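Right, I'll just put the structure down here and ask away after.
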Amino acid sequence: MSMKLINIRMDEDLKKEMEIVCNDLGINITTAFTIFAKKLTREKRIPFSVSIDPFYSNENIAALQNSIDEVKDGKFTLRPRKLTETAWPEVTVKAHSSETVTVKVDTSKFTEELSKEMPNGYFLEGFVRFVDPADDDVDSSASFMPGATVAFNDGQTQIRFVSVHTTSPTDGYWQQWKRSLDELGRLRYDTSRRYVFMGDFNATDDHAPFRNFLGTRFTDAAKQAAGGLVFTWPANIDYVPTFAGIDHIVLDSGMLAGQVKSLKIDGSDHRALLATVQFDV
């Protein structure tokens, strides 16, 4: 039987994830596509359902709207619904002081709509959200990961430095650890900034979630400069050598790491990383 070569264009990150899944199944990507082709040919259809998310079907939306005003055994089942969101001027509250803020929102435009959906009555509730000026760049489920922008070359070059600390992959926290790295990976698609990530990733280059975070955009400075062999943990046990490189300095594209080394920090179970970085303007 003769074989034909077929070229398929695919997102780089999707290809890596598919390779991981296929490897777990004990097959390669070629075998996976061959299985798909044979099943499609045999059944004369795409061998899985292709449809818009059923959650947004007309029937389901109607059912959800009907359930908004549900009464059972004389008791109301109240379900929250967001009506509007309003942005207000920034208010700075100095340390050891207070500010009175009055927020007014005209809700009369919702009266007719809400009365039809909830004829038995409804109530409105408002929330004011206060945001720390040191924004969490990652919005991570693991920890607060703040960032700061440093300007070089008289402000012409701006680099965003982000402090990283992911979940430790201890027993029972494997999925949380993977999720915290996946959350970092979302920043691969933020092209409005150039990033340098620094901190405890709780992962080495041997971990697929860390490599997925790097993708084709980010580079581990230690691996670029020293082949990845810069160990940082543990650093506080005399009879156990520092054997794992779970702390990293990760660079954006267009940046080049020079020397990368670790330094002992008194009182810490991690060694610090120090790197010289060159970047284009």
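Where a number appears in this text, it was derived from the coordinates with a stated rule and is not lab data. Everything numeric here is computed off the predicted structure, so don't read it as measured data. Neighbour counts are summed over all protein chains in view; Cβ atoms, including those assigned to glycine, are modelled from backbone coordinates with ideal geometry.
Based only on the alpha carbon positions, what is the Kirkwood hydrodynamic radius of the range 162-281, in angstrom? Intermediate values should be presented prior to the final figure.
Working: mean 1/r = 0.0677 Å⁻¹.
Hydrodynamic radius (Kirkwood, Cα only) of the range 162-281 equals 14.8 Å.
Set the bar at 25 Å for Cα to Cα. Now go through LYS15/LYS178; LYS178/LYS261; LYS178/LYS264; LYS16/LYS44 and name every pair that lies beyond it. Write out the running numbers ahead of the final one.
Values: LYS15/LYS178 18 Å; LYS178/LYS261 27 Å; LYS178/LYS264 28 Å; LYS16/LYS44 29 Å.
The pairs that break the limit, which is 25 Å between Cα atoms, are LYS178/LYS261; LYS178/LYS264; LYS16/LYS44.
Continuing with this model, one more query. Evaluate E = 1/(1 + (r/R0)^6) for VAL240 and ASP182, where r is the Cβ-Cβ distance and R0 equals 41 Å; express this FRET efficiency to the nearest 0.05.
After rounding to 0.05, the efficiency reads 0.85.
What is the set of long-range amide H partners of THR232 at a cut-off below 5 Å, with H atoms built 1.01 Å from backbone N?
ALA244, GLY245, ILE246, ASP247
Counting other C-beta atoms within 10 Å, which of GLU112, GLU183 has the fewest, and how do the rest follow?
Values: GLU112 9, GLU183 17.
Ascending number of Cβ neighbours within 10 Å: GLU112, GLU183.
Further question: Please list, in order along the range 236-245, the HN-Hα scalar couplings obtained from phi with the Karplus expression 6.51 cos²θ - 1.76 cosθ + 1.60 (θ = phi - 60°), rounded to whole Hz, x for Gly and Pro.
10, 10, 4, 8, 10, x, 6, 10, 10, x
Fewest to most neighbouring Cβ within 10 Å: what's the order for ARG193, ARG160? It would help to have the intermediate numbers written out before the result.
Details: ARG193 14, ARG160 18.
The order, fewest Cβ neighbours first, is ARG193, ARG160.
Also, I was wondering about something else. Separation between the ARG42 and GLU12 pseudo-spin-labels, each 7 Å from Cα along Cα→Cβ, expressed in nm?
Computed distance between label sites ARG42 and GLU12 equals 3.7 nm.
5 Å is the cut-off here: which amide hydrogens, built 1.01 Å from N in the peptide plane, fall below it relative to HIS270, excluding neighbours closer than 5 in sequence?
ALA235
Right, another one. For VAL196, list long-range residues whose amide hydrogen, built 1.01 Å from N in the peptide plane, is under 5 Å from its own amide hydrogen.
Under 5 Å from the amide H of VAL196 lie the amide H atoms of ARG160, PHE161, VAL162, each far enough along the sequence or on another chain.
In addition: What list do you get for PHE36, PHE243, PHE213 if you sort them by fewest beta carbons within 10 Å?
Numbers: PHE36 13, PHE243 9, PHE213 28.
Listed from fewest to most nearby Cβ atoms, that is PHE243, PHE36, PHE213.
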